[in-house]
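*Asks:* My questions will all concern the structure given below.
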Amino acid sequence: MLNRLEVDRATFYAVATRYWQFVSGPVTLWLVVQFFTPEVQGFYVTFWSVISLQMFFELAFPQTIVTMTSHIWSQLDLDDSNRLVGKSDAISRLTHLMRISVVMQVVLASLFAAIASFFGLWFFADDPSAQTITWRGPWLTLVGLSSIAFALIPFLAVLEGCDQVREIHKLNLVRGIAGSLVVWIAIPLGAALWIPAIATAVRLLCEIGWMVGKYPRFFAAFAKRPTGERVAWRKEVWPFQSKLMLKGFFNYFNADVMLPVLFRYQDAVVAGQFGLTWNILQSIRMACSSWVRTRVPRFGVLIAERNYKELDRIYFRVGKIAASLLALLGCVFVLGVAGLDYFDFRYAHRFLPVLPTTLLITGLWTALVFEFQWLYLHAHGKSPYLTLSLIACCISGLLIWWAGFHYGAIGVSLAFLFMQGIVYLPLSTVGWFHLRRQWHHDE
(Lines give C-alpha, C1' and ligand atoms only; values in the text may rest on other atoms or scores of the structure.)
Protein backbone atom coordinates (compact mmCIF):
# COMPACT_ATOMS: atom_id res chain seq x y z
CA MET A 1 0.00 0.00 0.00
CA LEU A 2 2.84 2.38 0.84
CA ASN A 3 4.45 1.67 -2.54
CA ARG A 4 1.19 2.45 -4.31
CA LEU A 5 1.05 5.74 -2.44
CA GLU A 6 4.67 6.56 -3.42
CA VAL A 7 5.76 6.59 0.21
CA ASP A 8 9.54 6.17 0.33
CA ARG A 9 11.43 6.39 3.61
CA ALA A 10 11.91 10.15 3.38
CA THR A 11 8.21 10.69 2.75
CA PHE A 12 7.34 8.25 5.54
CA TYR A 13 9.34 10.23 8.10
CA ALA A 14 8.06 13.56 6.77
CA VAL A 15 4.45 12.43 6.88
CA ALA A 16 4.96 10.74 10.25
CA THR A 17 6.29 14.04 11.59
CA ARG A 18 3.25 15.95 10.42
CA TYR A 19 0.81 13.33 11.63
CA TRP A 20 2.57 13.19 14.95
CA GLN A 21 1.81 16.89 15.14
CA PHE A 22 -1.76 16.11 14.09
CA VAL A 23 -2.12 13.42 16.77
CA SER A 24 -0.22 15.29 19.47
CA GLY A 25 -1.87 18.58 18.56
CA PRO A 26 -5.18 17.81 20.28
CA VAL A 27 -3.29 16.89 23.45
CA THR A 28 -1.36 20.16 23.36
CA LEU A 29 -4.53 22.10 22.53
CA TRP A 30 -6.40 20.48 25.38
CA LEU A 31 -3.62 21.46 27.77
CA VAL A 32 -3.59 25.00 26.34
CA VAL A 33 -7.31 25.54 26.78
CA GLN A 34 -7.21 23.78 30.16
CA PHE A 35 -4.36 25.79 31.70
CA PHE A 36 -4.32 29.04 29.65
CA THR A 37 -6.81 31.86 29.83
CA PRO A 38 -8.21 33.05 26.46
CA GLU A 39 -5.88 36.06 26.67
CA VAL A 40 -2.76 33.93 27.30
CA GLN A 41 -3.87 31.62 24.49
CA GLY A 42 -3.98 34.62 22.16
CA PHE A 43 -0.47 35.68 23.15
CA TYR A 44 0.74 32.09 22.80
CA VAL A 45 -0.40 31.58 19.19
CA THR A 46 0.60 35.11 18.20
CA PHE A 47 4.12 34.52 19.58
CA TRP A 48 4.52 31.78 17.00
CA SER A 49 3.04 33.93 14.26
CA VAL A 50 5.27 36.93 14.91
CA ILE A 51 8.42 34.80 15.27
CA SER A 52 7.71 33.53 11.75
CA LEU A 53 8.73 37.00 10.59
CA GLN A 54 12.20 35.48 10.35
CA MET A 55 11.22 34.57 6.79
CA PHE A 56 11.95 38.21 5.96
CA PHE A 57 15.55 37.61 7.04
CA GLU A 58 16.12 34.26 5.35
CA LEU A 59 16.78 35.93 1.99
CA ALA A 60 15.69 32.64 0.40
CA PHE A 61 18.93 30.95 1.54
CA PRO A 62 17.36 27.58 2.52
CA GLN A 63 15.70 26.87 -0.80
CA THR A 64 18.60 28.35 -2.77
CA ILE A 65 21.13 26.18 -0.95
CA VAL A 66 19.05 23.02 -1.42
CA THR A 67 18.59 23.69 -5.14
CA MET A 68 22.23 24.60 -5.86
CA THR A 69 23.54 21.72 -3.74
CA SER A 70 21.29 19.21 -5.51
CA HIS A 71 22.76 20.27 -8.87
CA ILE A 72 26.31 19.83 -7.56
CA TRP A 73 25.40 16.55 -5.84
CA SER A 74 25.13 14.70 -9.17
CA GLN A 75 28.98 14.56 -9.09
CA LEU A 76 29.36 13.66 -5.40
CA ASP A 77 28.55 10.94 -2.89
CA LEU A 78 29.05 9.92 0.75
CA ASP A 79 31.18 6.97 1.82
CA ASP A 80 30.37 4.58 4.67
CA SER A 81 31.71 7.11 7.21
CA ASN A 82 29.54 9.94 5.80
CA ARG A 83 32.66 11.55 4.35
CA LEU A 84 32.18 13.64 1.20
CA VAL A 85 33.72 11.99 -1.88
CA GLY A 86 33.64 12.71 -5.60
CA LYS A 87 35.13 15.13 -8.10
CA SER A 88 37.50 17.59 -6.42
CA ASP A 89 36.04 20.58 -8.26
CA ALA A 90 32.52 19.65 -7.14
CA ILE A 91 33.71 19.37 -3.52
CA SER A 92 35.41 22.75 -3.86
CA ARG A 93 32.22 24.35 -5.22
CA LEU A 94 30.09 22.88 -2.46
CA THR A 95 32.59 24.03 0.19
CA HIS A 96 32.54 27.55 -1.20
CA LEU A 97 28.74 27.58 -1.24
CA MET A 98 28.60 26.33 2.35
CA ARG A 99 31.13 28.79 3.78
CA ILE A 100 29.52 31.84 2.19
CA SER A 101 26.06 30.70 3.32
CA VAL A 102 27.13 30.21 6.94
CA VAL A 103 28.76 33.65 7.21
CA MET A 104 25.76 35.43 5.75
CA GLN A 105 23.30 33.42 7.81
CA VAL A 106 25.04 34.36 11.06
CA VAL A 107 24.85 38.04 10.09
CA LEU A 108 21.16 37.71 9.24
CA ALA A 109 20.45 35.86 12.50
CA SER A 110 22.00 38.72 14.49
CA LEU A 111 19.87 41.29 12.65
CA PHE A 112 16.77 39.21 13.23
CA ALA A 113 17.48 38.95 16.97
CA ALA A 114 17.80 42.71 17.35
CA ILE A 115 14.83 43.73 15.22
CA ALA A 116 12.43 40.99 16.39
CA SER A 117 13.14 41.78 20.04
CA PHE A 118 12.22 45.45 19.74
CA PHE A 119 9.29 44.81 17.40
CA GLY A 120 7.76 42.27 19.78
CA LEU A 121 8.17 44.55 22.79
CA TRP A 122 6.25 47.25 20.93
CA PHE A 123 3.64 45.01 19.28
CA PHE A 124 2.52 43.00 22.32
CA ALA A 125 2.60 45.94 24.74
CA ASP A 126 -0.35 47.50 22.92
CA ASP A 127 -2.79 44.73 23.90
CA PRO A 128 -5.08 45.58 26.87
CA SER A 129 -4.11 42.39 28.72
CA ALA A 130 -0.36 42.99 28.36
CA GLN A 131 -0.16 44.55 31.84
CA THR A 132 -1.48 41.45 33.57
CA ILE A 133 0.49 38.79 31.65
CA THR A 134 4.19 37.90 32.02
CA TRP A 135 5.34 37.95 28.41
CA ARG A 136 8.51 40.07 28.00
CA GLY A 137 11.01 37.53 29.35
CA PRO A 138 9.48 34.62 27.42
CA TRP A 139 9.43 36.68 24.23
CA LEU A 140 13.08 37.77 24.42
CA THR A 141 14.19 34.22 25.23
CA LEU A 142 12.21 32.85 22.31
CA VAL A 143 13.82 35.37 19.96
CA GLY A 144 17.32 34.49 21.18
CA LEU A 145 16.88 30.74 20.78
CA SER A 146 15.14 31.15 17.41
CA SER A 147 18.08 33.22 16.19
CA ILE A 148 20.51 30.41 17.02
CA ALA A 149 18.30 27.90 15.20
CA PHE A 150 18.13 30.37 12.31
CA ALA A 151 21.92 30.41 12.06
CA LEU A 152 21.99 26.60 11.67
CA ILE A 153 19.84 26.61 8.54
CA PRO A 154 22.74 26.26 6.01
CA PHE A 155 23.98 23.06 7.69
CA LEU A 156 20.59 21.36 7.36
CA ALA A 157 19.96 22.77 3.87
CA VAL A 158 23.26 21.43 2.51
CA LEU A 159 22.50 18.00 3.94
CA GLU A 160 19.06 18.04 2.35
CA GLY A 161 20.54 19.04 -1.00
CA CYS A 162 23.04 16.16 -0.64
CA ASP A 163 20.10 13.74 -0.73
CA GLN A 164 20.01 13.22 3.04
CA VAL A 165 16.30 13.96 2.99
CA ARG A 166 15.43 10.77 4.84
CA GLU A 167 17.79 11.61 7.71
CA ILE A 168 16.57 15.21 7.86
CA HIS A 169 12.96 14.12 8.25
CA LYS A 170 13.91 11.43 10.73
CA LEU A 171 15.48 14.21 12.80
CA ASN A 172 12.29 16.25 12.45
CA LEU A 173 10.24 13.33 13.75
CA VAL A 174 12.51 12.79 16.75
CA ARG A 175 12.59 16.44 17.72
CA GLY A 176 8.83 16.70 17.19
CA ILE A 177 8.15 13.85 19.60
CA ALA A 178 10.69 15.16 22.11
CA GLY A 179 9.29 18.67 21.89
CA SER A 180 5.72 17.51 22.45
CA LEU A 181 6.63 15.44 25.49
CA VAL A 182 8.52 18.32 27.09
CA VAL A 183 5.69 20.76 26.35
CA TRP A 184 3.12 18.39 27.85
CA ILE A 185 5.12 18.32 31.06
CA ALA A 186 5.81 22.07 31.12
CA ILE A 187 2.26 23.37 30.56
CA PRO A 188 0.71 21.82 33.71
CA LEU A 189 3.74 23.02 35.68
CA GLY A 190 2.79 26.61 34.83
CA ALA A 191 5.35 27.44 32.12
CA ALA A 192 2.67 29.47 30.25
CA LEU A 193 4.29 31.75 27.67
CA TRP A 194 7.70 30.13 28.25
CA ILE A 195 6.42 27.14 26.25
CA PRO A 196 7.53 28.44 22.79
CA ALA A 197 11.05 29.08 24.13
CA ILE A 198 11.18 25.62 25.72
CA ALA A 199 10.05 23.96 22.48
CA THR A 200 12.71 25.88 20.52
CA ALA A 201 15.40 24.84 23.01
CA VAL A 202 14.47 21.18 22.52
CA ARG A 203 14.69 21.65 18.76
CA LEU A 204 18.18 23.14 19.07
CA LEU A 205 19.47 20.33 21.27
CA CYS A 206 18.19 17.71 18.83
CA GLU A 207 19.67 19.42 15.77
CA ILE A 208 23.10 20.09 17.24
CA GLY A 209 23.37 16.64 18.79
CA TRP A 210 22.34 14.97 15.52
CA MET A 211 24.77 16.92 13.33
CA VAL A 212 27.70 16.45 15.71
CA GLY A 213 26.94 12.78 16.29
CA LYS A 214 26.16 11.63 12.73
CA TYR A 215 27.94 13.97 10.29
CA PRO A 216 31.20 15.20 11.86
CA ARG A 217 33.30 13.96 8.90
CA PHE A 218 30.90 15.48 6.39
CA PHE A 219 31.13 18.97 7.91
CA ALA A 220 34.88 18.61 8.48
CA ALA A 221 35.32 18.89 4.69
CA PHE A 222 34.09 22.49 4.85
CA ALA A 223 36.71 23.55 7.42
CA LYS A 224 39.31 23.84 4.66
CA ARG A 225 39.21 26.63 2.14
CA PRO A 226 38.16 25.60 -1.39
CA THR A 227 41.19 25.03 -3.62
CA GLY A 228 39.46 24.31 -6.93
CA GLU A 229 36.44 25.74 -8.70
CA ARG A 230 34.20 28.13 -6.80
CA VAL A 231 30.59 29.09 -7.11
CA ALA A 232 30.14 32.27 -9.13
CA TRP A 233 27.58 33.72 -6.74
CA ARG A 234 26.57 36.73 -8.80
CA LYS A 235 26.13 34.69 -11.97
CA GLU A 236 24.94 31.29 -10.76
CA VAL A 237 23.16 31.95 -7.47
CA TRP A 238 22.12 35.58 -7.07
CA PRO A 239 19.72 35.79 -10.05
CA PHE A 240 17.75 32.86 -8.62
CA GLN A 241 18.13 33.81 -4.96
CA SER A 242 17.19 37.46 -5.43
CA LYS A 243 13.87 36.51 -6.99
CA LEU A 244 13.11 33.96 -4.29
CA MET A 245 14.10 36.52 -1.67
CA LEU A 246 11.70 39.16 -2.92
CA LYS A 247 8.93 36.62 -3.27
CA GLY A 248 9.65 35.40 0.25
CA PHE A 249 9.44 38.92 1.65
CA PHE A 250 6.06 39.56 0.08
CA ASN A 251 4.72 36.02 0.54
CA TYR A 252 4.10 36.86 4.20
CA PHE A 253 1.09 38.86 3.08
CA ASN A 254 -0.54 35.83 1.45
CA ALA A 255 -1.37 33.99 4.67
CA ASP A 256 0.85 34.68 7.71
CA VAL A 257 -0.45 38.24 8.05
CA MET A 258 -3.96 36.96 8.89
CA LEU A 259 -3.25 36.19 12.55
CA PRO A 260 -1.52 39.51 13.41
CA VAL A 261 -4.38 41.38 11.66
CA LEU A 262 -6.97 39.63 13.83
CA PHE A 263 -4.88 40.16 16.97
CA ARG A 264 -4.55 43.85 16.16
CA TYR A 265 -8.06 44.74 14.99
CA GLN A 266 -10.23 42.17 16.78
CA ASP A 267 -8.81 40.83 20.07
CA ALA A 268 -6.62 38.12 21.55
CA VAL A 269 -9.58 35.71 21.88
CA VAL A 270 -10.43 35.80 18.15
CA ALA A 271 -6.74 35.51 17.34
CA GLY A 272 -6.54 32.46 19.59
CA GLN A 273 -9.47 30.79 17.84
CA PHE A 274 -7.96 31.44 14.44
CA GLY A 275 -4.47 30.42 15.55
CA LEU A 276 -5.51 27.01 16.89
CA THR A 277 -7.60 26.21 13.82
CA TRP A 278 -4.95 27.48 11.41
CA ASN A 279 -2.17 25.52 13.10
CA ILE A 280 -4.06 22.25 12.70
CA LEU A 281 -4.92 22.96 9.07
CA GLN A 282 -1.34 23.93 8.27
CA SER A 283 -0.10 20.74 9.89
CA ILE A 284 -2.40 18.70 7.64
CA ARG A 285 -1.32 20.65 4.59
CA MET A 286 2.40 20.29 5.32
CA ALA A 287 1.98 16.55 5.84
CA CYS A 288 0.43 16.27 2.39
CA SER A 289 3.02 18.55 0.77
CA SER A 290 5.73 16.20 2.05
CA TRP A 291 4.99 13.87 -0.88
CA VAL A 292 6.46 16.49 -3.24
CA ARG A 293 8.83 18.42 -0.97
CA THR A 294 10.86 15.33 -0.09
CA ARG A 295 11.47 14.78 -3.83
CA VAL A 296 12.84 18.29 -4.53
CA PRO A 297 16.54 17.27 -4.24
CA ARG A 298 15.77 14.34 -6.55
CA PHE A 299 14.11 16.76 -8.96
CA GLY A 300 17.32 18.82 -9.01
CA VAL A 301 19.42 15.77 -9.89
CA LEU A 302 17.03 14.70 -12.68
CA ILE A 303 17.04 18.21 -14.10
CA ALA A 304 20.86 18.30 -14.04
CA GLU A 305 20.79 14.99 -15.94
CA ARG A 306 18.00 16.28 -18.25
CA ASN A 307 15.89 13.25 -17.44
CA TYR A 308 12.61 15.13 -17.82
CA LYS A 309 10.48 12.05 -18.44
CA GLU A 310 11.28 10.58 -15.04
CA LEU A 311 10.94 14.04 -13.46
CA ASP A 312 7.38 14.41 -14.74
CA ARG A 313 6.44 10.83 -13.84
CA ILE A 314 7.40 11.31 -10.20
CA TYR A 315 5.96 14.82 -9.98
CA PHE A 316 2.50 14.01 -11.34
CA ARG A 317 2.22 10.77 -9.39
CA VAL A 318 3.06 12.18 -5.97
CA GLY A 319 1.22 15.44 -6.63
CA LYS A 320 -2.07 13.65 -7.30
CA ILE A 321 -1.72 11.57 -4.16
CA ALA A 322 -0.98 14.60 -1.98
CA ALA A 323 -3.86 16.70 -3.36
CA SER A 324 -6.36 13.85 -2.93
CA LEU A 325 -5.24 13.21 0.62
CA LEU A 326 -5.57 16.87 1.61
CA ALA A 327 -9.10 16.98 0.21
CA LEU A 328 -10.06 13.90 2.25
CA LEU A 329 -8.48 15.07 5.51
CA GLY A 330 -9.88 18.57 5.07
CA CYS A 331 -13.41 17.18 4.87
CA VAL A 332 -12.82 15.08 7.98
CA PHE A 333 -11.59 18.11 9.92
CA VAL A 334 -14.55 20.27 8.89
CA LEU A 335 -16.92 17.50 9.99
CA GLY A 336 -15.07 17.36 13.29
CA VAL A 337 -15.53 21.09 13.87
CA ALA A 338 -19.22 20.78 12.96
CA GLY A 339 -19.53 17.92 15.47
CA LEU A 340 -18.01 20.03 18.24
CA ASP A 341 -20.58 22.75 17.59
CA TYR A 342 -23.50 20.32 17.26
CA PHE A 343 -22.80 18.52 20.52
CA ASP A 344 -21.95 21.80 22.25
CA PHE A 345 -18.53 20.55 23.33
CA ARG A 346 -17.11 22.50 26.25
CA TYR A 347 -14.14 23.93 24.33
CA ALA A 348 -15.79 24.25 20.92
CA HIS A 349 -15.63 28.06 21.20
CA ARG A 350 -11.83 27.90 21.22
CA PHE A 351 -11.90 27.00 17.49
CA LEU A 352 -13.26 28.87 14.49
CA PRO A 353 -16.84 28.08 13.41
CA VAL A 354 -17.54 25.81 10.45
CA LEU A 355 -17.84 28.51 7.75
CA PRO A 356 -14.42 30.17 8.12
CA THR A 357 -12.84 26.74 8.69
CA THR A 358 -14.32 25.50 5.40
CA LEU A 359 -13.09 28.60 3.59
CA LEU A 360 -9.58 28.10 4.97
CA ILE A 361 -9.28 24.41 4.07
CA THR A 362 -10.56 25.10 0.54
CA GLY A 363 -8.02 27.87 0.15
CA LEU A 364 -5.26 25.61 1.47
CA TRP A 365 -6.11 22.92 -1.09
CA THR A 366 -5.71 25.38 -3.96
CA ALA A 367 -2.56 26.73 -2.30
CA LEU A 368 -1.13 23.18 -2.22
CA VAL A 369 -1.52 22.75 -5.98
CA PHE A 370 -0.04 26.21 -6.51
CA GLU A 371 2.88 25.30 -4.21
CA PHE A 372 3.65 22.11 -6.14
CA GLN A 373 3.83 24.00 -9.41
CA TRP A 374 6.41 26.40 -8.00
CA LEU A 375 8.46 23.66 -6.35
CA TYR A 376 8.73 22.10 -9.80
CA LEU A 377 9.81 25.40 -11.42
CA HIS A 378 12.25 26.33 -8.64
CA ALA A 379 13.94 22.93 -8.91
CA HIS A 380 15.23 24.21 -12.26
CA GLY A 381 17.12 26.97 -10.45
CA LYS A 382 14.80 29.61 -11.90
CA SER A 383 12.05 31.79 -10.45
CA PRO A 384 10.00 33.56 -13.14
CA TYR A 385 7.17 36.09 -13.03
CA LEU A 386 8.71 38.15 -10.24
CA THR A 387 6.82 41.39 -10.85
CA LEU A 388 3.42 39.71 -11.10
CA SER A 389 4.09 37.76 -7.91
CA LEU A 390 5.01 40.86 -5.92
CA ILE A 391 1.97 42.79 -7.12
CA ALA A 392 -0.31 39.88 -6.24
CA CYS A 393 1.19 39.60 -2.74
CA CYS A 394 0.59 43.30 -2.10
CA ILE A 395 -3.01 42.99 -3.25
CA SER A 396 -3.44 39.92 -1.04
CA GLY A 397 -2.09 41.71 2.04
CA LEU A 398 -4.31 44.75 1.51
CA LEU A 399 -7.36 42.58 0.91
CA ILE A 400 -6.73 40.49 4.04
CA TRP A 401 -6.15 43.65 6.11
CA TRP A 402 -9.38 45.26 4.85
CA ALA A 403 -11.44 42.09 5.27
CA GLY A 404 -10.03 41.39 8.74
CA PHE A 405 -10.62 44.94 9.89
CA HIS A 406 -14.27 44.93 8.80
CA TYR A 407 -15.38 41.29 8.95
CA GLY A 408 -13.00 39.49 11.33
CA ALA A 409 -12.14 35.81 10.90
CA ILE A 410 -14.70 35.21 8.12
CA GLY A 411 -13.28 38.15 6.23
CA VAL A 412 -9.64 37.04 6.28
CA SER A 413 -10.66 33.45 5.44
CA LEU A 414 -12.68 34.55 2.42
CA ALA A 415 -9.90 36.89 1.26
CA PHE A 416 -7.38 34.03 1.54
CA LEU A 417 -9.59 31.69 -0.52
CA PHE A 418 -10.22 34.35 -3.17
CA MET A 419 -6.53 35.07 -3.71
CA GLN A 420 -5.43 31.43 -3.69
CA GLY A 421 -8.26 29.92 -5.73
CA ILE A 422 -9.45 32.69 -8.04
CA VAL A 423 -6.24 34.66 -8.64
CA TYR A 424 -3.12 32.57 -8.00
CA LEU A 425 -4.03 29.05 -9.14
CA PRO A 426 -5.35 29.84 -12.66
CA LEU A 427 -2.48 32.22 -13.44
CA SER A 428 0.11 29.82 -12.03
CA THR A 429 -1.26 26.87 -14.02
CA VAL A 430 -1.06 28.73 -17.32
CA GLY A 431 2.49 29.88 -16.54
CA TRP A 432 3.57 26.40 -15.41
CA PHE A 433 2.52 24.71 -18.65
CA HIS A 434 4.16 27.44 -20.74
CA LEU A 435 7.50 27.41 -18.88
CA ARG A 436 7.69 23.62 -18.65
CA ARG A 437 7.25 23.33 -22.40
CA GLN A 438 9.73 26.13 -23.11
CA TRP A 439 12.50 25.05 -20.72
CA HIS A 440 12.42 21.39 -21.63
CA HIS A 441 12.20 22.08 -25.35
CA ASP A 442 15.04 24.63 -25.34
CA GLU A 443 17.35 22.36 -23.36
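The values are calculated or read from the model by the stated rules, or taken from the named source; none is laboratory data. Please read all numbers here as calculations on a predicted model, not as lab measurements. All Cβ positions, glycine included, derive from the backbone under ideal geometry; neighbour counts span all protein chains shown. All accessible areas refer to the heavy atoms of the entire protein, side chains included, with ligands and DNA or RNA removed. Shrake-Rupley method; radii C 1.70, N 1.55, O 1.52, S 1.80 Å.
*Asks:* Send over a whole-number figure in Å² for the accessible area per residue of the chain, probe 1.4 Å.
*Replies:* 45
*Asks:* Using +1 at the Cβ of each Lys and Arg and -1 at the Cβ of each Asp and Glu in segment 259-347, identify which of Pro297, Ile280, Ile321 lies farthest towards the dipole's positive end.
*Replies:* It is Pro297.
*Asks:* Note the angle between two axes, namely the Cα long axis of helix 165-186 and the longest principal axis of the Cα atoms of the chain, as a number of degrees from 0 to 90, rounded to the nearest 10.
*Replies:* 20
*Asks:* Next question, about the same structure. Under the definition of Cα pairs under 8 Å and six or more residues apart, what whole-number percent is the relative contact order of segment 308-443? Write down the numbers at each step before the final one.
*Replies:* Numbers: 78 pairs, mean separation 40.1, N = 136.
That works out to 29 percent.
*Asks:* Sorted by mean Cβ packing within 10 Å, highest first, what order do the peptides 352-359, 304-311 take?
*Replies:* Per-residue mean Cβ counts within 10 Å order the peptides as 352-359, 304-311.
*Asks:* Mean separation of Cα pairs under 8 Å and 6+ residues apart, divided by the residue count of the chain: what relative contact order is that in percent?
*Replies:* 25
*Asks:* Could you sort the peptides 90-101, 329-340, 197-208 by per-residue average Cβ neighbour count (10 Å cutoff), highest mean leading?
*Replies:* 90-101, 197-208, 329-340
*Asks:* Going by accessible area, probe 1.4 Å, with all protein chains left in place, what is the ranking of Ser389, Ser110, largest first?
*Replies:* Values: Ser389 25, Ser110 70 Å².
Heavy-atom accessible area, descending, gives Ser110, Ser389.
*Asks:* Let me ask something else about it. For each pair in Lys214/Lys247; Lys87/Lys247; Lys214/Lys309; Lys87/Lys214, compute the distance between the two Cα atoms and list the pairs where it is over 30 Å.
*Replies:* Details: Lys214/Lys247 34 Å; Lys87/Lys247 34 Å; Lys214/Lys309 35 Å; Lys87/Lys214 23 Å.
Correct reply: Lys214/Lys247; Lys87/Lys247; Lys214/Lys309.
*Asks:* What 222 nm value per residue comes from the helices of the chain, counting each DSSP H run with n ≥ 4 as -39,500 (n - 2.57) and dividing by all residues, nearest 500 deg cm²/dmol?
*Replies:* On the way: 18 runs with 335 residues, N = 443.
Using -39500 (n - 2.57) per qualifying helix, the result is -25500 deg cm²/dmol.
*Asks:* Also: Just how large is the dipole of segment 1-139 about the Cα centre, in debye to the nearest 20, putting +1 at every Lys and Arg Cβ and -1 at every Asp and Glu Cβ? Write out the running numbers ahead of the final one.
*Replies:* Working: 8 positive and 10 negative charges, 40 e Å.
It comes to approximately 200 debye.
*Asks:* Roughly how many debye, to the nearest 20, is the charge dipole of segment 317-424 about its Cα centre, given +1 on each Lys and Arg Cβ, -1 on each Asp and Glu Cβ, and no other charges?
*Replies:* In total the dipole reaches around 260 debye.
*Asks:* Please report how far the C-alpha centroid of segment 121-195 lies from that of segment 329-406, rounded to the nearest whole angstrom.
*Replies:* That distance is 23 Å.
*Asks:* Let me ask something additional. Below 8 Å between Cα atoms, with a sequence gap of 6+, how large is the relative contact order for segment 1-153 in percent? Don't skip to the end; give the middle numbers.
*Replies:* Values: 70 pairs, mean separation 34.8, N = 153.
About 23 percent, as a whole number.
*Asks:* Among Leu259, Tyr385, Phe124, which residue has its Cα positioned farthest towards the positive end of the charge dipole of the chain, with +1 placed on the Cβ of Lys and Arg, -1 on the Cβ of Asp and Glu, and the dipole taken about the Cα centre?
*Replies:* Of Leu259, Tyr385, Phe124, it is Tyr385.
*Asks:* At a 1.4 Å probe, what is the % contribution of carbon and sulfur to the accessible area of the chain?
*Replies:* 65
*Asks:* If you put +1 on each Lys and Arg Cβ and -1 on each Asp and Glu Cβ, how big is the dipole of segment 71-198 around its Cα centre, in Debye rounded to 20?
*Replies:* It comes to approximately 140 debye.
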